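The values are calculated or read from the model by the stated rules, or taken from the named source; none is laboratory data. Predicted, not measured: the structure shown is a model, and the values here were computed from it. Cβ coordinates were reconstructed from backbone atoms using ideal geometry, including for glycine residues, and neighbour counts include every protein chain displayed. Heads up: the accessible areas ignore ligands, DNA and RNA and are worked out on the full protein's heavy atoms, side chains in. Shrake-Rupley method; radii C 1.70, N 1.55, O 1.52, S 1.80 Å.
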Amino acid sequence: MTNNPQQTARVGLFFLLGMALIWVTFETLSGGKLWFKDKGYQLVAGFDSLKELKTGDDVRMAGVKIGDVALTRLAGRRAEAVLRIDSDKRIKADATATIITQGLIGTGYVSIDLGSEAAPVLPAGAEIRTAATADLNTVMSQIGDLSRKLEGALGGLGSALNGDSRQPGLLQKVDAILAENRENLSRTTANLQQITDKVNRGEGTLGRLLHDSRLHDELLAGVAELKQGATQARGFLANAEELVAEVKRGRGTLGALVYDQKAADDLKASLASLREVSEQLAQGRGTLGQLLKDDSLVRETRALLKKADRAIDNLDDTGPITAVGVVANGLF
Amino acid sequence: MTARLLAWLPNPILQVLHGTGSALFLLVRSLRHLPSLPRQFGRFIEQCHLIGYTTMPIVGILSFFIGSVLALQSGHAGENVGYKQFIGALVGLTMARELGPVMAAVLLAGRVGSAIAAELASMKVYQEVDALETMNIPPERMLVLPRLAAVLTMMPVLTIMADLVGWFGGAIVAQYTHFISIEPASYFANLRQYMDFSDVLNGLIKAEIFGFTVVLVCCHIGLNTRGGPREIGASVTRAVVTSLILILVLDFFVTKALM
Amino acid sequence: MPAANSNSPLPGAAPAVGVKVEGLAKRFGTFEVLRGVSFTVQPGEIFVLMGPSGSGKSVLLKHLVGLERPSAGRTLVASHDGADPATRERVRMALVFQAGALFNSLSVYDNLALYPREHRLGDEAAIRDRVMRALQILSLENAVHKLPAELSGGMRKRVAIARALVMEPQLLLYDEPTSELDPVMSATITEIIATLRQRYQVTSIVVSHDRDLALSIADRVGILMGGQLVFLGPPADLRQPTDPRVADFLNPRIDLEHPRFKHLET
Ligand SMILES: Nc1ncnc2c1ncn2[C@@H]1O[C@H](COP(=O)(O)OP(=O)(O)O)[C@@H](O)[C@H]1O
Ligand SMILES: [Mg+2]
């Protein structure tokens, strides 16, 4: 009944030690965030599928944990993850959230990219942009298929651009045309004299065209830009070859381009356009030559130059393949 | 209706139901005396000493080796698969969520549960319990309540020690085994990356449930011993076996419930 | 000797209680131990219950303190039902168990101090006073700090009685207090029982097969055989028993020519 004081002290010490250890563990593992958890603010991210994402998974920005998944739910025809973001972390409006499946046995997390510096900050409760990514399983099942597709596509691209033994490729053709254009252009200049004569002789339809002094400049500029486009296309080709090599080496860096069906479709469409361009180039050698023989051609040339302008403007944002496609489509 | 149903049940099931019911009644009768707990501080400390302090060494030794062997086995299995770097998380989570509480409870059953059953069975057989009753001292108040309070106080302490010792055991093995050789810093970094205090808390809750059940069951079986001294041994065996079964069965359901 | 003083373990303030047993029957499974036992014990009386081993004497005592529930009939202690646990709170009853039932993990002192401590009957000093007084009455001062395992059989019985005394009971039940003791110790215990009653007017029921005890201190005697009372009356009536079973029980003849166990076999 009466305890000796030593026993009481031992039990007390033992208990305090235990509590201290629990506290230390708590501080180490949760950084004291369990009970006084930073409430933060919430963002909504909609996906086709949340895959293996579950409540409590990390939200990371550039690999640093900035919050966690507070809730997962179905909202109509899509799945939504409610993300709890630490209150001191700002997310830019153009930042994109993707679901990352981590390794073979790891769990998923939501990765948010930094976004651009200039973009406004997302307010609490806002919806964040998302991008679908294939999870590991899908990748595994599709990778063979994809690499086959990719190889075929890029092989086609290569032959389209460079040509093979039988046929010259697009680039050769473009080069050739540009070389010829120099001649054609001088011919154009020479013919302008004829046009002046014709205008003097009262053949008025072309008059307006000739009064429009910008035509010549535009033509020159257009050709220069076309040339630049060709250089860029060549640069792209080098990149594409590298790409193919990388895919062949089995690197996963192709990322979205490889896995995204839309990108693949774009690629296909572009290739088709390139082929078309190449055919048309082969047939249409005389098009520039016919410029002066047909009134309507002049009008078309003007429209075309505008289109080419636009296309070249777009070049920077849309990337090389589509740019070439647009240029080619616009031209022919 | 119920009586009819009960009569149809096979004997072992009937016994399980009867045991569960009367153990719960014992719990209720004990909890009725909760206000008397402060007066029984001495007994509480005595039981804390037995349940916590004297059980610590064996819990420490066992969890050290459990942690070590966890690291060893997972390191061995993961060597080719390439999840070697996850040993920290693996040992950490397994110890905290599963083996820490279960080992502490199993040792509690073996070391303390058996002692409780033996003591109470002997008190029952030698009519000490009857004597208490004639003295108008409820046995639940004096014999059961302080033990239940003590186990609730000591289980978290035992479990956190089991967890930590297990983690360190794993770290040492991970560092010095040639086919693993993971630095403690990486081991613990991995452990911390994949663990949250809620994992540890989860284990502590499990341990409380196990410990409480073990003590309640052992008290119940001890106090329900009938017959002569021979029955003391039988009661001890029954108490420990029942405790072990209950720990593992409860483990499943509690784990599921806490997920 | 003066009657109870204020410091005594038995102040005598609480009145002694009467006991009534009415048609008490007890069955364990199919085994009938008691079949309709009835008797009354007056307040302050010493009632000695005798009977062969296994006749159900201990079982009967357990019914009085509520450790067993009757199959039929009932027991009344100061007109409260003995089977009702609440009776223990209304009437202080002490049972001196046949085997002592001392708390083996507690010292003699703590064995005695348990009751007053648990019921918070005064501070530690008052309890000490009370315990030492009870130990003095039974000449156990030297055994205060011993554990039950370190005591002789006679001492255990006396500690058991002392522990009952500390409760200041209104009803004291002794289960074979003198068996397994040497004749001198038996006589001592017998004297103690008589003295306690004399001093404190406590109602006492003594289970015993000790003829000398019954004849010397009993106010009335009951003899239990085969689950029934075969004798109930003053000890004087036992000197010339009419019932042959009672006569044989009290004065068994040892007949080596016709041993009893041979009769039993056939
Ligand atoms: N709890 C019990 N369960 C079954 N039988 C019992 C129980 N208690 C006593 N008995 C039986 O009742 C009979 C009377 O026992 P008891 O009262 O102890 O005898 P005694 O008169 O020697 O004290 C014995 O035959 C004993 O076997
Ligand atoms: Mg008996």
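Mean-square fluctuations from a GNM of chain C, with a 10 angstrom spring cutoff on Cα atoms, peak among C:Leu60, C:Leu151, C:Leu172 at C:Leu151. Peptides B:35-47, C:89-101 ranked from most to least packed, by the mean per-residue count of other Cβ atoms within 10 Å: C:89-101, B:35-47. In chain B, the calculated helix contribution to ellipticity at 222 nm averages -25000 deg cm²/dmol per residue, counting -39,500 (n - 2.57) for every DSSP H run with n ≥ 4. Taking all protein chains as present, what is the carbon and sulfur share of the accessible area of the stretch C:188-257, in % to the nearest whole number, probe 1.4 Å? Carbon and sulfur: 48 percent of the exposed surface of the stretch C:188-257.
Site pair B:Lys256 and B:Ile61 shows an inter-label distance of 3.6 nm when each label is modelled 7 Å from Cα along Cα→Cβ. Contact residues in the stretch C:53-81 (at least 50 Å² less accessible area with all protein chains than alone, 1.4 Å probe): C:Leu67. Give B:Lys124/C:Lys62; C:Lys20/C:Lys62; A:Lys65/B:Lys206 a once-over and call out the pairs whose C-alpha atoms are over 19 Å from each other. In this structure, A:Lys65/B:Lys206 lie more than 19 Å apart at Cα. The stretch B:66-115 and the stretch B:40-61 have Cα centres spaced 24 Å apart. Averaged per residue, chain B has 44 square angstrom of accessible surface, using a 1.4 angstrom probe with ligands and nucleic acids left out. When accessible surface is computed with a 1.4 Å probe, chains B and A are found to bury approximately 2400 Å² between them, both chains counted.
Dipole magnitude for the stretch B:181-259: about 400 debye, using +1 per Lys or Arg Cβ and -1 per Asp or Glu Cβ, origin at the Cα centre.
Can you tell me which of B:6-15, A:111-120, C:220-229 comes out highest on packing, and rank the rest after it, using the mean Cβ neighbours within 10 Å?
Highest to lowest by the protection proxy: C:220-229, A:111-120, B:6-15.
Between the stretch A:62-122 and the stretch B:139-180, how many Å separate their Cα centres? Rounded to whole Å, the Cα centres lie 38 Å apart. Per the accessible-area calculation with a 1.4 Å probe, the total area buried between chain C and chain B rounds to 1800 Å². Towards the positive end of the charge dipole of chain B, with charges on Cβ (+1 Lys, Arg; -1 Asp, Glu), say which of B:Met103, B:Ala162, B:Val81 has the farthest Cα. After comparing all options, I get B:Met103. Computed over chain C with a Gaussian network model linking Cα atoms closer than 10 Å, the most mobile of C:Gln240, C:Gln136, C:Gln170 is C:Gln240.
For the stretch A:41-133, the carbon plus sulfur part of the accessible surface works out to 54%, probe radius 1.4 Å. Partner shielding of B:154-160 amounts to 5, given as the average count of beta-carbon atoms from other chains within 10 Å of each residue beta-carbon. Taken as Cα centroids, the stretch B:183-256 and the stretch C:68-124 sit 36 Å apart, rounded to the nearest whole angstrom. Residue by residue along B:184-196, Cβ atoms of other protein chains within 10 Å of the local Cβ number 2 on average.
Determine the shielding of peptide B:122-132 by partner chains: average, over its residues, the number of Cβ atoms on other chains within 10 angstrom of each Cβ. Don't skip to the end; give the middle numbers.
Numbers: counts 2, 4, 0, 0, 8, 11, 10, 2, 7, 15, 5.
Mean partner shielding for this stretch: 6.
Select from B:Tyr187, B:Gly203, B:Leu148 the residue farthest towards the positive end of the dipole of the stretch B:101-253; place +1 on Cβ of Lys and Arg, -1 on Cβ of Asp and Glu, and compute about the Cα centre. Highest projection toward the positive end goes to B:Leu148. In the stretch B:39-258, carbon and sulfur make up what percent of the accessible area (probe 1.4 Å)? Carbon with sulfur: 67 percent of the solvent-accessible area.
To the nearest 0.05, what FRET efficiency results for B:Glu183 and B:Val69 with a Förster distance of 25 Å applied to their C-beta separation? Given R0 = 25 Å and the Cβ-Cβ separation, E is 0.80.
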